[in-house]
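Undergrad: Can you read through this structure? Questions will come right after.
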Amino acid sequence: MMRTETIAIHSGYDIEETTKAVAVPIYQTVAYAFDSAEHGAALFNLEVDGFRYTRISNPTTAVLERRVAALEGGIEALAVSSGQAALAYAISNLTDVGTNIVSVPQLYGTTHTLFAHVLRRQGVEARFSQSDRPDAIECLIDDGTRAVFCESIGNPAGNICDVEALALVAHSHGVPLIVDNTVATPILLRPLEWGADVVVHSLTKFMGGHGTTMGGIVVDGGTFPWKQHCRRFPMFSEPDPSYHGMIYVDQFGPAAYIGRCRSVCQRTTGAVLSPLSAFMLLQGIETVALRVERHVENAQRVAEFLRAHPSVAWVNHAGLRDNPYHALECKYLGGRSSSLLTFGVAGGFEAGRRFYNALGLFRRLVNIGDAKSLACHPASTTHRQMSAEELEKAGVRPEAIRLSVGIEHIDDILADLDQALAATGAARKRSRSVERQPAMGLADYGQS
């Protein structure tokens, strides 16, 4: 079996037969010609393979889908216009009015908004557990639950979810586990191997890796028994009147979930990834393994530097041995923590603001996973719409600075952080009570 480094370069594409092109061609087209009326009908009936309209599928995008599915160990994937579109499709594909999903509280801010507000107005309840512990999730599951959701590594909380334990809890109640694997990437963690059923990504982040192209993807593990749980998930096992009575488990077999996601969600709402964007993301994915290696190395050095700096009050990074998630980092990430970390400047919010404004090499913006080092203040940007209580549960402290450590030379990264910390005028003596990230106590195991 090919390793992920090789899959990222080769999987999903063979030499194009007509031109013998080695690079993936960009099929910048809206539609595809039918050989005859009968051929067109067969394509729309899904009786033969082929392309009919780019809102549904495209040859360039199909390579991206096959490659990411292979990287994650899934059987099929659907690429869409953004990570948020992927997440919205992943949830809407299996929920209906009056149903609910159960989620960990440590979420990206816009994901929280989608769950807490948008889904609610569509008749779907999102239940947020008190922590990311499996027992905290299990107590919220009932007959109306349709999925358990987590981020493998929380953004920006930095918690690492016990995917295997969450999958066991979800499956014991007959529901799938959906994991957002954006921060970890399949280079560090493949959730499907630990029991997850569906994986979503914002390809905009580490997979694309250069801050140029938006995209998202839903990956189907092909393992959840939809037919066995037909009472809870009739949309997969009963005739669909919107698609001439198609039964997805019969038509698509193990790939029923992604088959319906494409045939219903994308076909009717059209959050389509452009072929050019698919091509750009493929270029990024070819080097994702190398980039993540440098990201991880640099982030560990940054965490250790900040931890020792007298102007830093606390550091939250699972690569530090006393971090409450260090054991899970060793189990799931092989001791390679992600390049996402948060910390607080001694002196609180105002000192943090001065640090942020003094940064030079680090770019001040709201993205992660770029080759460039990035910084943001989550409480005033990505998580601004959340209440103080919601921020606390999500592990977002008012003074927290989120860093996405890039792949520049480590000496330049540390020099920029050092000069920005010097500009804060922060007290040089740290309080012992805040030396470690207080939102992530060992006794709480994920409760912030």
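Undergrad: Once you put a point 7 Å from the Cα of Ala327 and another 7 Å from the Cα of Leu168, both along the Cβ direction, what distance in nm separates them?
TA: Taking the two extended label points, one gets 1.3 nm.
Undergrad: Can you give me the distance in nm between label points at Ser242 and His117, each placed 7 Å from the Cα along the Cα-to-Cβ direction?
TA: 2.5
Undergrad: Please report the net charge: other residues with Cβ closer than 10 Å to the Cβ of Ala170, K and R +1, D and E -1. Intermediate results must be reported in sequence, preceding the final value.
TA: Numbers: positive: none; negative: Glu138, Asp197.
Value of the local net charge: -2.
Undergrad: If each residue of separation counts as 0.36 nm, what is the full-extension length gain between Arg384 and Gln419 once their alpha-carbon separation is subtracted?
TA: Gain on extension, Arg384 to Gln419, equals 9.8 nm.
Undergrad: Just want to confirm a number: the relative contact order over segment 246-341, from Cα pairs under 8 angstrom separated by 6+ residues, in percent. All intermediate terms of the calculation are to be shown ahead of the outcome.
TA: Working: 58 pairs, mean separation 19.2, N = 96.
Relative contact order here is 20 percent.
Undergrad: Using the per-residue mean of other Cβ atoms lying within 10 Å as a proxy for protection, in what order, highest first, do the peptides 284-296, 38-50 fall?
TA: Values: 284-296: 20.4, 38-50: 13.1.
Those peptides, ordered most packed to least, come out 284-296, 38-50.
Undergrad: Could you state the number of Å between the C-alpha centres of segment 317-395 and segment 95-170?
TA: 21
Undergrad: OK, next. When Lys and Arg each count +1 and Asp and Glu each count -1, what net charge do the other residues less than 12 Å away from Phe355, Cβ to Cβ, add up to? All intermediate terms of the calculation are to be shown ahead of the outcome.
TA: Values: positive: Arg353, Arg354, Arg364; negative: Glu350, Glu399, Asp416, Asp418.
Every neighbour counted, the sum reads -1.
Undergrad: Considering only the other residues whose Cβ falls under 12 Å of the Cβ of Trp226, what net charge follows from Lys and Arg at +1 and Asp and Glu at -1?
TA: Neighbour charge sum, excluding Trp226 itself: +1.
Undergrad: Match the structure shown to one of the listed values [x] 18; [y] 14; [z] 8 of percent of Cα pairs over 43 Å apart, computed from it, and give that label.
TA: [y]
Undergrad: What Kirkwood Rh does segment 58-284 have if only Cα atoms enter the pairwise 1/r average? Answer in Å.
TA: Working: mean 1/r = 0.0579 Å⁻¹.
Kirkwood radius, segment 58-284: 17.3 Å.
Undergrad: Suppose a student asked you for the relative contact order of segment 97-184, using Cα pairs under 8 Å spaced at least 6 residues apart; what percent would you report?
TA: On the way: 160 pairs, mean separation 28.6, N = 88.
For segment 97-184, the relative contact order is 32 percent.
Undergrad: What is the distance in Å between the Cα centres of segment 38-85 and segment 272-316?
TA: One Cα centre to the other: 29 Å.
Undergrad: Using label points projected 7 Å from each Cα along Cα→Cβ, tell me how many nm separate Gln28 and Gln228, to one decimal.
TA: Going by the 7 Å Cα→Cβ label model, 4.8 nm.
Undergrad: Check the straight Cα-Cα distances from Lys205 and name the lysines below 27 Å, setting aside those fewer than 8 residues away within the same chain.
TA: Lys331, Lys372, Lys393
Undergrad: With runs of 4+ DSSP H residues as the only contributors, calculate the mean residue ellipticity of the chain at 222 nm using -39,500 (n - 2.57) per run, divided by the residue total and rounded to the nearest 500.
TA: Numbers: 17 runs with 148 residues, N = 448.
Theoretical 222 nm ellipticity from helices: -9000 deg cm²/dmol.
Undergrad: May I ask you to order 8-15, 76-83 by the average number of other C-beta atoms within 10 Å around their residues, highest value first?
TA: Numbers: 8-15: 15.5, 76-83: 25.1.
Final packing ranking: 76-83, 8-15.
Undergrad: Please report the Cα spread of segment 169-313 along all three principal axes, rounded to whole Å, starting with the longest.
TA: Here the Cα extents, ordered largest to smallest, are 64, 41, 24 Å.
Undergrad: Over the chain, what is the relative contact order in percent, taking alpha-carbon pairs closer than 8 angstrom and at least six residues apart? Please list the in-between numbers first.
TA: On the way: 940 pairs, mean separation 76.1, N = 448.
With pairs under 8 Å counted, the relative contact order is 17 percent.
Undergrad: Can you tell me the order of 24-36, 356-368, 212-224 when each peptide is scored by its average per-residue count of other Cβ atoms within 10 angstrom, highest first? Walk me through the numbers on the way to the answer.
TA: Working: 24-36: 13.3, 356-368: 16.3, 212-224: 24.8.
Top to bottom by mean Cβ count within 10 Å: 212-224, 356-368, 24-36.
Undergrad: If you don't mind, there's one more thing I want to ask. Loop-only check: which chymotrypsin sites (Phe, Trp or Tyr not before Pro) in segment 222-270 are DSSP coil with at most 16 other Cβ within 10 angstrom?
TA: Loop-located and lightly packed - none at all.
Values quoted throughout were computed directly from the atomic coordinates according to the rules given, and no laboratory measurement underlies them. Please read these numbers as outputs of a predicted model, since none were measured by experiment. Virtual Cβ from ideal backbone geometry, glycine too; neighbours counted across all protein chains shown.
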